[in-house]
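The values are calculated or read from the model by the stated rules, or taken from the named source; none is laboratory data. Please read all numbers here as calculations on a predicted model, not as lab measurements. Cβ: placed from backbone, ideal geometry, glycine included. Neighbour counts: every protein chain shown.
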Ligand code: SF4
């Protein structure tokens with residue numbers, strides 16, 4: 001009998017074309033390659049310079065998301081690009097895709113959106129696959145039991161030309177989360193809590209598998225939020241083994257086997273294949289971390305990297321002696337140690353990104369905004385992660401709720417997550433953001449970012465300052481109870 | 001890429017830990033379809049005073065920033081705080097650093113994707129113990145030698161610090177081999193893999 005293998009081991013073994021040796025890394029086959037406008041142009045130039053063309057163009061899918069405006073076309077019919085360079089980048093991708101026969105979800109396509117939102121939506125992302133993209137948040141796709149990781153532009157060229165990559169086998173890490181999450185606590189809080197605990201480099205050199213009852217209870221969108229931020233702990237990839245939740249999602253996905261027809265033979269075959277991609281009982285990991293779900297409170301970051309995550313009601317830690325980085329972080333953020341983030345005044349609230357730009361995130365925000373208004377001092381932007389998310393949210397009237405509350409409802413894209421398209425936080429302003437990075441200047445030069453869940457972000461928008469969603473939920477239900485009693489008395 | 005065996009230089013020191021790729025090159029400079037000329041944006045937000053960078057015409061250099069000090073102008077080795085290069089997968093980061101003239105980054109930890117990207121661009125990631133990095137940071141004016149073949153960094157007083165370097169990466173650096181060429185030469189094996197499609201392989205339709 002062979003030794004029990006982890007999910008990662010199975011994924012790795014299934015894709016080795018040439019095994020690794022001391023002299024050379026493994027040649028690893030790539031099932032699905034995703035590209036976007038920012039990290040692909042130089043790879044296509046390289047291909048052209050060498051007279052090469054894509055080996056398997058049907059295995060590459062393209063979309064535009066980083067540089068695209070989130071405001072609709074003006075009266076002249078032109079999209080308001082932040083710069084000519086951005087417009088050129090988008091055009092270049094369209095030209096490259098046309099020339100090399102790569103399917104593109106272009107501006108105007110009903111399926112366009114953030115690359116890590118649309119591939120799972122369409123069903124391109126499937127269990128058992130290797131998936132790469134010139135983008136570190138490719139880890140998102142691990143939520144389906146795929147080995148998915150970010151690569152550089154040179155490697156984009158390698159995959160285009162050969163459908164393969166040179167890789168050394170990473171180490172494995174299990175993060176097991178057990179127990180029920182408190183109301184007001186979601187997947188974003190779980191992953192921020194984990195990064196706060198293991199550190200911004202805690203996963204370096206590792207592929208993480210998330211396990212345990214808390215993870216099993218999560219829907220696919222929550223699992224994507226979780227896996228998305230694996231890279232913020234330095235891990236190459238994060239993954240969750242597929243289960244009924246995964247298959248139910250794929251059964252509705254139009255480009256998955258069986259074209260989203262759950263009862264089809266093709267789907268049944270695919271499902272049988274997918275179900276083999278789970279770790280064996282007793283498989284060993286290089287490192288194991290256990291987390292108790294009951295310890296997780298609504299969590300935000302106070303500093304300038306995602307490892308600075310703390311509970312909303314916990315004091316900002318005082319920098320240790322000689323910890324220049326922490327001192328510089330506090331300075332940049334304009335925050336004081338010893339105080340909780342709870343109560344911090346907020347200028348901007350951003351809901352969106354490949355971390356939290358999906359339908360469930362839009363719903364969470366709408367639930368808070370319904371019948372309330374965004375504080376006068378706050379600018380709030382709600383940006384759906386894809387055209388599909390936008391359509392579905394609008395069908396539920398979420399856009400109307402968002403607008404009525406005084407927030408902006410935008411076109412899909414990366415937007416303020418990376419501030420490349422003109423959507424940015426002004427210097428010195430403090431933003432509560434559902435995205436994944438709080439690096440200095442990430443949301444614009446001088447911008448200050450607190451990472452948080454959509455729920456925490458929405459409450460911050462309404463109150464004009466950070467507050468604990470658990471208290472807000474409790475207050476709201478007390479109010480509802482009082483109203484019910486009054487109504488009863490009146491009757 | 002031609003062969004690279006030695007880097008010999010004095011060094012520039014950035015003590016900051018967790019220097020992320022958004023600091024190395026802010027995202028607003030990624031709207032390019034070229035890989036050349038990015039050195040002018042390297043560390044942009046630390047390098048220039050109040051320049052918001054959206055129109056980086058003539059931003060005033062911040063004299064306090066290490067790379068702006070005249071004595072550092074031609075230095076090819078960067079000594080950086082722990083966990084250098086965390087964050088995004090943008091290869092624009094090593095492109096910007098090599099364009100700035102850097103050939104080696106020395107730190108006690110270097111993020112995975114950045115390290116991979118750096119090696120593909122002839123930028124050497126040198127990982128040493130934190131105490132050794134700290135010691136080197138005390139003497140930035142010493143001319144250091146990074147020896148790719150020996151996998152060691154040497155100081156003028158005769159000390160040698162070994163650093164890990166993947167054998168394949170080492171060969172690529174020394175012989176100027178490029179990875180794409182290596183992969184293209186494996187096409188027969190790739191074809192065999194594809195025809196005897198492992199049952200785990202799936203097609204997106
Ligand atoms: S939403 Fe942000 S993190 Fe996600 S792909 Fe876009 S820029 Fe990257």
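Things worth noting here:
- Scope region A:400-421; condition facing chain B (nearest Cβ under 9 Å) and either more than 10 Å from the ligand (Cβ to nearest atom) or touching a strand residue (DSSP E or B) at 6+ places or on another chain (Cβ under 8 Å) (or both); matching residues: none
- Subset of region A:83-99 [within 16 Å of the ligand (Cβ to nearest atom) and touching a strand residue (DSSP E or B) at 6+ places or on another chain (Cβ under 8 Å)]: A:93
- Here residue A:110 meets each of (1) assigned to a loop (DSSP other than H, G, I, E, B); (2) touching a helix residue (DSSP H, G or I) at 6+ places or on another chain (Cβ under 9 Å); (3) within 13 Å of another protein chain (Cβ to nearest Cβ) with one exception, condition (3).
- Those strands (runs of 3 or more DSSP E) of region A:294-375 in which at least 3 residues are touching a helix residue (DSSP H, G or I) at 6+ places or on another chain (Cβ under 9 Å) and crowded, with 23+ Cβ neighbours inside 10 Å, considering only elements entirely within it, cover A:299-301, A:348-351.
- Any hit, region A:443-461, residues being farther than 23 Å from residue A:366 by Cβ, away from the ligand (no atom under 16 Å from the Cβ) and under 21 Å from the mean Cα position of the chain (by Cα): yes
- Of the strands (runs of 3 or more DSSP E) contained entirely in region A:117-168, those carrying at least 1 residues that are in contact (Cβ under 8 Å) with a residue 24 or more places away in the chain, within 16 Å of the ligand (Cβ to nearest atom) and over 19 Å from residue A:418 (Cβ atoms) fall at A:130-133, A:147-150.
- Flag for residue A:273 being in a helix (DSSP H, G or I), in contact (Cβ under 8 Å) with a residue 24 or more places away in the chain and within 30 Å of residue A:209 (Cβ to Cβ): yes
- Neighbours by Cβ (under 7 Å, 6+ apart or cross-chain): first from region A:411-438, under 17 Å from residue A:380 (Cβ atoms); second within 8 Å of the ligand (Cβ to nearest atom) and not in a loop (DSSP other than H, G, I, E, B): A:417/A:353; A:419/B:27; A:423/A:415; A:434/A:353; A:434/A:355; A:435/A:353; A:435/A:355; A:435/A:417
- Exactly one residue among A:450, A:430 is more than 9 Å from every other protein chain (Cβ to nearest Cβ) and either at pLDDT below 95 or surrounded by fewer than 24 Cβ atoms within 10 Å (Cβ to Cβ) (or both), and that residue is A:430.
- Residue match in region A:320-337 (condition: touching a residue at least 12 places away in the same chain (Cβ under 8 Å) and within 16 Å of the ligand (Cβ to nearest atom)): no
Here's the yes/no breakdown for (1) crowded, with 17+ Cβ neighbours inside 10 Å; (2) modelled with pLDDT under 95:
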| site | (1), (2) |
| --- | --- |
| B:161 | yes, no |
| B:165 | yes, no |
| B:172 | yes, yes |
| B:176 | no, yes |
| B:179 | yes, yes |
| B:183 | yes, no |
| B:196 | no, yes |
| B:200 | yes, yes |
| B:205 | no, yes |
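- If the condition is being within 20 Å of the chain's Cα centre (by Cα) and more than 16 Å from the ligand (Cβ to nearest atom), then region A:361-373 contributes A:363, A:364, A:365, A:366.
- Taken residue by residue, region A:143-150 has at least one member that is more than 8 Å from every other protein chain (Cβ to nearest Cβ), more than 22 Å from residue B:193 (Cα to Cα) and crowded, with 24+ Cβ neighbours inside 10 Å.
- Matching residues, region A:44-65, being more than 16 Å from the ligand (Cβ to nearest atom) and buried (at least 24 other Cβ atoms within 10 Å of the Cβ): A:44, A:60
- Checking residue A:80 against (1) more than 16 Å from the ligand (Cβ to nearest atom); (2) under 24 Å from residue A:31 (Cα atoms); (3) assigned to a loop (DSSP other than H, G, I, E, B), the condition it does not meet: (2)
- Hey, residue A:258 within 16 Å of the ligand (Cβ to nearest atom), free of Cβ contacts under 8 Å to residues at least 40 places away in the same chain and within 14 Å of chain B (Cβ to nearest Cβ) or not: no
- Subset tally (residues that are away from the ligand (no atom under 14 Å from the Cβ) and on the phi > 0 side of the Ramachandran plot) for region A:100-116: 2
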